[in-house]
Amino acid sequence: MAALRLELRASPALAGALALVHGAGAACLVAVVPGHAGTALAFLLLALGGVAARDRALLRAHGSVRALELESDGVATLELVDGRRLPARVGRRRHIGPWWVALPLVGVSRRNLIVMRDMLPSAEFRCLRLWALWGRVPAVALPPRAA
């Protein structure tokens, strides 16, 4: 069977969630750590949230994953924004929800790749969910390719 190729697009929902979580963490730091130290730590946490949103959700960093190719044996190829292609293996502990799929990557790139529903067209997101559950996509589930 051919590889399942998925072209990812930016996710405003994931960017908002990252901003919300980092903002809540920054508010907790200001409440718990007194003085300028708490304010500085909160600012750094907000900056970290911005970098994470830019890299993981908005796909604007050079190392952001722009496309993903999945084989039936758990082998993945990551295509980054800067054009590099990195081989990786998708771990067995995949997390699948109705709005997201989390793929633990092992190999050259050791990270968790979170794909939100708004990062793919609905048919491709369904194929990704099937692949994450079964390790392969039935031929009838593949979206039609343009000629």
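Read-outs throughout are calculated quantities, based only on the coordinates presented, and are distinct from any laboratory measurement. Bear in mind the structure is a predicted one, so any value in this text is a computation, not a measurement. All Cβ positions, even for glycine, are placed from backbone atoms using ideal geometry, and neighbour counts span all protein chains on display.
Counting only helical runs of four or more DSSP H residues, what would the 222 nm mean residue ellipticity of the chain come to if each run contributes -39,500 (n - 2.57) and the total is spread over all its residues? Intermediate results must be reported in sequence, preceding the final value.
Values: 3 runs with 52 residues, N = 147.
Mean residue ellipticity, 222 nm, calculated: -12000 deg cm²/dmol.
Give, as a single signed number, the net charge of other residues whose beta carbon lies under 15 Å from the beta carbon of Asp82, with Lys and Arg counted +1 and Asp and Glu -1. Could the numbers behind the result be given before it?
Values: positive: Arg54, Arg60, Arg66, Arg84, Arg85; negative: Asp55, Glu79.
Its environment carries a net charge of +3.
What the pair-distance distribution of the range 23-98 shows, using all Cα-Cα distances binned every 5 Å from zero, is 3, 14, 14, 14, 14, 12, 11, 9, 6, 2, 0 percent.
Taking a label point 7 Å from the Cα of Thr39 along the Cα→Cβ vector, which residues of the range 8-29 have an amide N closer than 18 Å to it? Residues 26-29 fall inside that zone.
All other residues whose Cβ lies under 10 angstrom from that of Ala3 are scored, Lys and Arg at +1 and Asp and Glu at -1, for a net of -1. Rounded to whole Å, give me the distance from the Cα center of the range 85-122 to that of the range 1-63. With the range 85-122 and the range 1-63 each reduced to a Cα centre, they are spaced 18 Å. Checking (1) 1.18; (2) 1.42; (3) 1.06 against Rg/Rh (Cα atoms, Kirkwood Rh) calculated from these atoms, the matching label is (3).
State the extension gain, in nm to one decimal, for the chain segment bounded by His62 and Arg126, taking 0.36 nm per residue of separation less the distance between their alpha-carbons. Intermediate results must be reported in sequence, preceding the final value.
Numbers: separation 64, 0.36 × 64 = 23.04 nm, distance 2.74 nm.
Fully extending the segment from His62 to Arg126 adds 20.3 nm.
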